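Enquirer: Could you have a look at this structure, given as structure tokens, before my questions?
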Amino acid sequence: MAKAAPEHSQSVVKFLLAAREAETRSLAQLTDTCHVIQAIGDMIHDLQRERGLTNVYLASGGERLMQQKRAEQLALSMTTEQRLRALFTDEASPVLAQPLSARLLNAIAYILQGLTELAYLRQLIEQGGIDATLMTQAFSSLIAGLLEVVNEAADSSGDPAVSRALVAMINFMHGKEYAGQERAWGAIGFARGHFDEPLRLRLEHMQSAQEQSCGLFEQFAEPEAVAQWQQLAHSDFAPELIRLRGVIAALGDGDQVASELSEIWYSVATARIDAMHGIEVQIINDVVRLSQQRLMTAQSDYQQQVQAVEALTSAAQPLKKNQLDSLMLLHNNRDSVSPKDGRLAGDSGASASLRSIYDLIREQDEHLSQVKAELDEAKRALAERKLIEQAKGLLMKSLKLSEEQAYRRIQQRAMESNTRLAEVAQLLIDTARSVGRTR
């Protein structure tokens, strides 16, 4: 009859399995989070379309055809909104059953409030109580809040493969939003029949921001997704979009442009954004599938770990006095592993079961170390995006700058000092904190 495992082994086993179980639980939570990201992606896309249609509608003085299209899109947006709200308010929602970070909870609270205020914004639009510029800023603020939820949700990922996929997805979503803002602001200019210098500079910033975000996407994305994105440059609508961008760039202050181009601009820009949304949906679906696959693998690994531990502890013998030196050797030589058989260099007196338990601990330690190293790379990319966004916000608030002006200020500082954007952003944030402490 097998002897019971000594009490100290039971404690080791408990913590060994708890570590693996925590990894599995984290992946299960990540899978639920990915479903939220899917719903947010759909919400953002519908709001982007509603924003663009409303721009043309308001800037053109309420052209009837555009109002019909806007009403159709409004119905779609409200349906998508209900699905998203249910994920955060339905007691049966798996999202509410998992622990969420304070930052993520705050981001969710922000968008729920924003969605509530959206109804009032739509009333103002119907009553003609808001112009296209303020409306665009309001919609863009809500979309930025939705993207912040995605950023915070991605930051909770503890799996390197999923984190890399999330970094690619986030940057693509940001690139698509910059494309949506380009459509929105361009529609205002065409519908009004002129583009002033601030509007042209804003559109230039949107194009530059798209390139930067999509460049980061290409660094972290799978080759298939990158190929899909690159194919857009050869799509039927690409030459017309380039031509219309050229028309805007060639205009001077006071130059007039045919307002009829607003619908052509909207149609061409929409064709591109819809194509981007198709890629976005595929990317998000791939992230969901990857998280599910990683969860299944983790669950399988956990079961194998349980079986291995049960087999070892059932045969474990109590340590003898002359084995204590070997136990110390196990601790002092965690990294001294024989490349031939995986045993410790100099291991001569420990029992077979002690070595095997140690091997399980060591293997898990190596696994977690590798995970951390791979995860740090993806987390760094997320952290840098947050730094730049935070620095932009500080400049916008303290110097009363627009988003594109703040970003251009950071770009200029980076070029002058020959440093990376994230480093300049960190310096600005540190300086603001230092000034705040001295006041």
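Enquirer: Sort through Ala378, Ala406, Ala373 and tell me the only one that's small (Gly, Ala, Ser) and at pLDDT 75 or above.
Expert: Details: Ala378 fails: at pLDDT 75 or above; Ala373 fails: at pLDDT 75 or above.
So the residue among Ala378, Ala406, Ala373 that is small (Gly, Ala, Ser) and at pLDDT 75 or above is Ala406.
Enquirer: Restricting the stretch 211-241 to residues that are in a loop (DSSP other than H, G, I, E, B) and among the hydrophobic types (A, V, I, L, M, F, W, C), which is farthest from Trp265 (Cα to Cα)?
Expert: Going through the stretch 211-241, the residues in a loop (DSSP other than H, G, I, E, B) turn out to be 221-222, 235-237.
Restricting the remaining residues to those that are among the hydrophobic types (A, V, I, L, M, F, W, C) gives 221, 237.
Working: Ala221: 30, Phe237: 10 Å.
Result: Ala221.
Enquirer: Name the residue that is nearest to Val287 (Cα to Cα), counting only residues in the stretch 153-170 that are open to solvent by 10 Å² or more (accessible area, probe 1.4 Å) and assigned to a helix (DSSP H, G or I).
Expert: Out of the qualifying residues, it is Ala165.
Enquirer: Give the stretch 57-89 a look and list any residue that's open to solvent by less than 70 Å² (accessible area, probe 1.4 Å), of a type in the set (A, V, I, L, M, F, W, C) and over 30 Å from the mean Cα position of the chain (by Cα), or say none.
Expert: Of everything in the stretch 57-89, those that are open to solvent by less than 70 Å² (accessible area, probe 1.4 Å), of a type in the set (A, V, I, L, M, F, W, C) and over 30 Å from the mean Cα position of the chain (by Cα) turn out to be Leu58, Ala59, Met66, Ala71.
Enquirer: Considering only the stretch 409-433, state which residues are at pLDDT 80 or above, basic (Lys, Arg) and assigned to a helix (DSSP H, G or I).
Expert: Arg409, Arg413
Enquirer: Could I ask something else about it? Pairs, please: C-beta under 6 Å, at least 6 apart or cross-chain, first residue open to solvent by less than 100 Å² (accessible area, probe 1.4 Å) and in the stretch 107-130, second of a type outside the set (Asp, Glu) and outside any helix (DSSP H, G or I)?
Expert: Leu124/Ile130
The values are calculated or read from the model by the stated rules, or taken from the named source; none is laboratory data. What you see is a predicted model; the values in this text were computed from it and never measured. Methodologically, a virtual Cβ is constructed for each residue, glycine included, from the backbone with ideal geometry; neighbour enumeration extends over all protein chains shown. Only protein heavy atoms, including side chains, enter the accessible area calculation; ligands, DNA and RNA are left aside. Shrake-Rupley method; radii C 1.70, N 1.55, O 1.52, S 1.80 Å.
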